[in-house]
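Novice: Here it is, the structure in full.
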């Protein structure tokens, strides 16, 4: 995090200095400075910050969904029925407030999953103890849903 702050402070200082010293060429200098920060300074800083983070991202082809959910401490998504399946396994679930998240309003409105507005809120939520309750999960399923499904399967196989 410190390299990012230093990069921002240095680029700001360079921009202010260039604007006062070289008014006509300040725009070009600012563009070069920003390009340097974006393509040279930030990528390694972000890489090393992520490398030290205790995060294991599961790629879909690398393991079956249920195996990934079995091995997970929590799940994060935007718009996927896999979140509902993970809730059935008892995983603490978080829905990022990105386009499409409205489709999972049923699980956020009932409290089965927590809606998080951004990465910082997600990080804070992941530090808290899980709060998934059986009561909030029961609100997702219609009464008699299991029996109706069993009846449907028996009829389909007959």
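The values are calculated or read from the model by the stated rules, or taken from the named source; none is laboratory data. Predicted, not measured: the structure shown is a model, and the values here were computed from it. Backbone-built Cβ (ideal geometry, glycine too); neighbour counts: all protein chains shown.
Novice: Go through (1) at pLDDT 80 or above; (2) within 31 Å of the chain's Cα centre (by Cα); (3) surrounded by 10 or more Cβ atoms within 10 Å (Cβ to Cβ) for residue 13 and report which single condition fails.
Specialist: Only one criterion is unmet by residue 13, namely (2).
Novice: Condition first: free of Cβ contacts under 8 Å to residues at least 40 places away in the same chain, in contact with a strand residue (DSSP E or B) (Cβ under 7 Å, 6 or more places away or on another chain) and within 24 Å of residue 145 (Cβ to Cβ). Now tell me which residues in segment 79-100 satisfy that.
Specialist: Residues satisfying the conditions are 83, 86, 93, 95.
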